1. Criterion first (in contact with a helix residue (DSSP H, G or I) (Cβ under 8 Å, 6 or more places away or on another chain) and closer than 24 Å to LEU134 by Cβ) does SER81 satisfy it?
2. Tell me, please, whether a residue that is in a helix (DSSP H, G or I), among the charged types (D, E, K, R) and modelled with pLDDT under 95 can be found in the stretch 142-158.
3. Quick one: in the stretch 1-60, which of the residues that are modelled with pLDDT of 95 or more and of a type in the set (Phe, Trp, Tyr) is surrounded by the most Cβ atoms within 10 Å (Cβ to Cβ)?
4. Could you grab the pairs with beta carbons closer than 8 Å, sequence gap of 6+ or different chains, first residue in the stretch 49-62 and at positive phi and in a helix (DSSP H, G or I), second one buried (at least 17 other Cβ atoms within 10 Å of the Cβ) and small (Gly, Ala, Ser)?
5. Select from the stretch 69-119 the residues that are in contact (Cβ under 8 Å) with a residue 24 or more places away in the chain and among the polar types (S, T, N, Q) and list them in ascending order.
6. Of everything in the stretch 96-130, what is hydroxyl-bearing (Ser, Thr, Tyr) and assigned to a loop (DSSP other than H, G, I, E, B)? Give them in sequence order.
7. ARG135 passes all but one of (1) assigned to a strand (DSSP E or B); (2) touching a Lys or Arg at 6+ places or on another chain (Cβ under 6 Å); which number fails?
8. Name the residue that is farthest from the chain's Cα centre (by Cα), counting only residues in the stretch 132-158 that are of a type outside the set (Val, Ile, Thr) and more than 16 Å from LEU93 (Cα to Cα).
Amino acid sequence: MAPKVMKRSASDNKYLHRDFHVSCDIGIGYVGERYGDEGVRDYLNQYTDNFLSPLAEAVRREGLEPLARYFRELYETEEASGQLELTRKPGALHVRVSACPAVAYMKSTGHQPSKWYRETTATLYARLAKNAGLRFTLESYDEATGAAAFRFEQEANA
């Protein structure tokens with residue numbers, strides 16, 4: 001009997017982004033335990049400088065719309081669009097997350113987010129804002145759910 005050949009590519013499969021968060025948190029916990037708070041911030045700043053540099057450049061060129069698009073696409077990938085509220089004001093983008101899908105997923109697997117996980121919001125977005133020529137303000141962050149409110153403002157309006 002002739003073997004049957006099945007052709008598949010990665011794009012044929014649903015992208016499951018959620019497991020990234022557990023790995024990310026384990027890495028952040030490792031860095032935090034060995035190098036402390038400053039080590040975690042340094043790690044996340046380096047990550048942001050490299051991985052999110054195209055986004056920062058797009059914001060510099062086009063304004064806040066690439067940033068709004070980034071959040072919409074991110075929460076669509078997380079299948080959590082209903083947990084995201086974006087409000088545009090002149091020179092500003094306000095972001096409200098009713099519950100972080102990453103925190104909910106980690107807890108559903110039995111993984112308790114490390115004490116440094118909040119830095120994936122606080123440090124990462126502050127660095128992204130700096131690289132994009134924006135000002136970032138973290139208005140609130142709930143450790144238990146990851147719910148957060150923050151804003152990005154163009155420097156002229158900051």
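The values are calculated or read from the model by the stated rules, or taken from the named source; none is laboratory data. Everything quoted here is computed from the prediction, not taken from an experiment. Don't worry about glycine lacking a Cβ; one is built from the backbone with ideal geometry, like all the others, and counts go over all protein chains shown.
1. Values: in contact with a helix residue (DSSP H, G or I) (Cβ under 8 Å, 6 or more places away or on another chain): yes; closer than 24 Å to LEU134 by Cβ: yes.
Yes; evaluated as a whole, the condition is true for this residue.
2. Looking through the stretch 142-158, at least one residue is in a helix (DSSP H, G or I), among the charged types (D, E, K, R) and modelled with pLDDT under 95.
3. By that ranking, first place goes to TYR43.
4. Cβ pairs passing all conditions: none.
5. THR77, SER98, THR109, SER114
6. Here is the first cut: in the stretch 96-130, the ones hydroxyl-bearing (Ser, Thr, Tyr) are 98, 105, 108-109, 114, 117, 120-121, 123, 125.
Once the filter is applied, which keeps residues that are hydroxyl-bearing (Ser, Thr, Tyr) and assigned to a loop (DSSP other than H, G, I, E, B), the stretch 96-130 yields SER98, THR109, SER114, TYR117.
7. (2)
8. So the first thing to find is which residues in the stretch 132-158 are of a type outside the set (Val, Ile, Thr), and the list is 132-136, 138-144, 146-158.
Add one more test, that the residue is more than 16 Å from LEU93 (Cα to Cα), and what stays is 141-144, 146-147.
On the way: TYR141: 14, ASP142: 15, GLU143: 15, ALA144: 17, GLY146: 11, ALA147: 13 Å.
Among residues in the stretch 132-158 that are of a type outside the set (Val, Ile, Thr) and more than 16 Å from LEU93 (Cα to Cα), the one farthest from the chain's Cα centre (by Cα) is ALA144.
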